[in-house]
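S.K.: Take a look at the following structure, please.
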Amino acid sequence: MSAGFEAWRDRFERLRANKLFETAVIAIIILSALLIGAKTYEETSRFQQWLLVLDVAVTVFFLVEILIRMAAEKRLRDFFRRGWNIFDFLIVTASLIPLDDSEMVLLARLLRIFRVLRLVSMIPELRLLMAALVKSIPRMGYVALLMFIIFYIYAAIGSFLFADIDDFLWGNISIAMLTLFRVATFEDWTDVMYATQEVYAWSWIYYLTFIFLTAFIFLNMMIGIVLDVMQKESVQMEIETGEGEAAELHGLRDDVRELREQLSRMETLLERRS
C-alpha cells in the first residue's frame, strides 16, 4: 500500500513539475479571466448556458489541479507551509460557491474575479514583483508620511494665499490638498497656476517647487525603494534555487551510492553461490 502510494505521489510530483501542465494551468486562468469579462457584455446573454458550463469546467479543473499539487507533497502540511499555496487553496475553495444560488450569486461572481490573481502564484517573475511590492510597503510608508507633511504645508500656504482668488480650489486645507494632488498628477495644473499668477505673479515658484518635491524627488525615492527590494528578492530567489538544485543533486548522489551498494551486495552473493 505504501509503495503504491509513493508511486502515485511520484507521478503527481512529476506532473506538477511538468512545463506543459503549468502552461495549461496558466491558459485556463486566462480563459477564466476572459469568461468573467465576457459576462459583462449583454451580447453574450444568449450564450449564458455555455458560459455556465465553461465556468463549471474551469472550476473543476482548478479543483483537480490543487488536489494534484497537494497529493504531490510528502506531507500535507508541507503544502500549507507556502503562502502562495494557501492563497491558491483559498481562491479555489471560494470558487466552489455555486452561481445558481440567487442569494450568493453576487459573492460567487466577485470571488471568481480573484482567480485571475492565480497568475501571480504560477509565474515566478510575478511572485518576485509581488513579494518586492509587499516588502517595500513599510519603507514606502515613511516616504508617504514625509510626502503628506509636504502636502499639508503647501496646502496650508495655498489656502492662506489663494482662497480669495478661487474658493472652490483653495477654500480650506482639505480642498487645497485635493487641488495639490491634481497639480502633482499634472491634471490641467497650468490652469490652476495661471489663475493665481494673475494676482500673484511669483506664484509659479510655489507650484514648481511643489512639483519638484513630489513628482520628482518623492517619486524617485519610491522607485528606488522598490528596485532595492526587488534586487534583494532576486538574489534570495537565486540562492534558494541554488540550494534546491544542490539538495536535488545530493539526493541523486545518495541514490547512486545506494544502487552501487546493492550491486556490490548482489555481486558478492553471486560469487558465493558460484
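The values are calculated or read from the model by the stated rules, or taken from the named source; none is laboratory data. Given the structure is predicted, the values throughout are model-derived calculations rather than measurements. Every residue, glycine as well, gets a Cβ built from its backbone with ideal geometry; the counts of neighbours run over all protein chains shown. Surface accessibility is based on the protein's heavy atoms, side chains included, excluding ligands, DNA and RNA. Shrake-Rupley method; radii C 1.70, N 1.55, O 1.52, S 1.80 Å.
S.K.: Please pick out the residue among Thr209, Thr196 that is without any contact (Cβ under 8 Å) to a residue 12 or more places away in the chain, hydroxyl-bearing (Ser, Thr, Tyr) and either assigned to a helix (DSSP H, G or I) or open to solvent by less than 40 Å² (accessible area, probe 1.4 Å) (or both).
M.R.: Thr209 is the lone residue from the list that is without any contact (Cβ under 8 Å) to a residue 12 or more places away in the chain, hydroxyl-bearing (Ser, Thr, Tyr) and either assigned to a helix (DSSP H, G or I) or open to solvent by less than 40 Å² (accessible area, probe 1.4 Å) (or both).
S.K.: From Arg14, Arg9, Arg77, which residue is over 27 Å from the mean Cα position of the chain (by Cα) and assigned to a helix (DSSP H, G or I)?
M.R.: The match here is Arg9.
S.K.: Taking Tyr142 as the residue in question, decide whether it is open to solvent by 70 Å² or more (accessible area, probe 1.4 Å), under 30 Å from Val235 (Cα atoms), of a type in the set (Ser, Thr, Tyr) and in a helix (DSSP H, G or I).
M.R.: When the stated conditions are applied, Tyr142 passes them.
Yes or no, residue by residue, for (1) surrounded by 16 or more Cβ atoms within 10 Å (Cβ to Cβ); (2) over 16 Å from Leu119 (Cβ atoms); (3) in contact with a Phe, Trp or Tyr (Cβ under 6 Å, 6 or more places away or on another chain); (4) of a type outside the set (D, E, K, R):
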| position | (1), (2), (3), (4) |
| --- | --- |
| Arg14 | no, yes, no, no |
| Thr23 | no, no, no, yes |
| Gly37 | no, no, no, yes |
| Thr44 | no, yes, no, yes |
| Gln49 | no, yes, no, yes |
| Val53 | no, yes, no, yes |
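S.K.: Shifting gears a bit: May I ask you to list the residues in segment 176-189 that are under 15 Å from Ile165 (Cβ atoms) and either of a type in the set (S, T, N, Q) or open to solvent by 70 Å² or more (accessible area, probe 1.4 Å) (or both)?
M.R.: Thr179
S.K.: Going by the structure shown, is Glu248 open to solvent by 90 Å² or more (accessible area, probe 1.4 Å), at pLDDT below 90, more than 24 Å from Gly141 (Cα to Cα) and in contact with a helix residue (DSSP H, G or I) (Cβ under 9 Å, 6 or more places away or on another chain)?
M.R.: The answer is no for Glu248.
S.K.: Is there a residue being open to solvent by 40 Å² or more (accessible area, probe 1.4 Å), modelled with pLDDT under 80 and not aromatic (Phe, Trp, Tyr) anywhere in segment 59-75?
M.R.: Yes; the residues of segment 59-75 include at least one that is open to solvent by 40 Å² or more (accessible area, probe 1.4 Å), modelled with pLDDT under 80 and not aromatic (Phe, Trp, Tyr).
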